[in-house]
Amino acid sequence: MLHVRVWLALTLILSVRLYAANAAPLSATVTNTAIEVRNVTPGGEVALMTASIEGVGGLLRQVTGATVVQDNDGDGIVRFSSPRPIPFRSIWVAVDLESGRHVIAGPDGYTVTVLPFSATLLKKDTDGVLGLFNGEMVSAEMLVVRPKSGAWHLLTVEGAGSDGDKTHGKLGLLNTDAMPVGDSGPPPKHLKNGDILAVIDPGRMEVFVTEIGK
């Protein structure tokens, strides 16, 4: 009986890995009420990070946040219904927690500004990547995903207590300052190859996503 259980467990693991290796890219649709992400790992989870700007009473309001959504019925589709209307000027990053596959999306008709990633932004010590520093951003939110392990989110402003260098200069986003999303444990101190790093500048509404080691 034990051998049968072990064989079934190994078969399931191999099946999931085979699916992830041959899975289609993620795709996403954003409406004014929800985001739907397709081609996710069946029965898996997706980490979502968003930033938006909308006019309210003549003022601009920024909304940011992150969450994890599960594919409960195993059909490879997850849907997150927003508790408030989704503004037209909004950016969404979705990352499959099993495979690390990811997609950037916005509402139909809104052009999301995707920046190229520069490895020079990475903050390192002798043991690896601690996060990133950027002299151009006044505020930023970061999503770190370690496939098969968890997701972590950080929102910070230049010079604030959560700014990695704790001073005015370059905005710092350190892994250890990020908060767990969903059931994730403590954040990793160092990033490793295969980790996904996504950053949105909510003021300029710009985004970049990279896989460490690529």
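For this structure, a couple of remarks:
- With the simple model of a label 7 Å out from the Cα in the direction of the Cβ, Asp73 to Val56 spans 3.3 nm.
- Cross-link partners for Lys148 among the lysines, with Cα-Cα distance under 20 Å and sequence neighbours closer than 8 places in the same chain left out: Lys189, Lys192, Lys214.
- Length added when fully stretched, Lys124-Glu211, from 0.36 nm per residue minus Cα-Cα: 29.8 nm
- P(r) for the stretch 80-214, from all Cα pairs and a bin width of 5 Å, is 2, 10, 20, 23, 22, 14, 7, 2, 0, 0 %, short bins first.
- Sequentially through the stretch 57-66, phi angles give Karplus couplings (6.51, -1.76, 1.60; θ = phi - 60°) of x, x, 10, 9, 10, 9, 10, 10, x, 8 Hz, Gly and Pro residues having no value and appearing as x.
- Centre separation in Å (Cα based) which lies between the stretch 178-211 and the stretch 50-90: 17
- Sequentially through the stretch 114-125, phi angles give Karplus couplings (6.51, -1.76, 1.60; θ = phi - 60°) of 9, 8, x, 8, 10, 5, 5, 6, 5, 9, 10, 10 Hz, Gly and Pro residues having no value and appearing as x.
Every number here is computed from the coordinates shown, using simple stated rules; none is lab data. Keep in mind that what you see is a predicted model, and the values were worked out from it rather than measured. Every residue, glycine among them, receives a Cβ derived from its backbone with ideal geometry; neighbour counts consider all protein chains shown.
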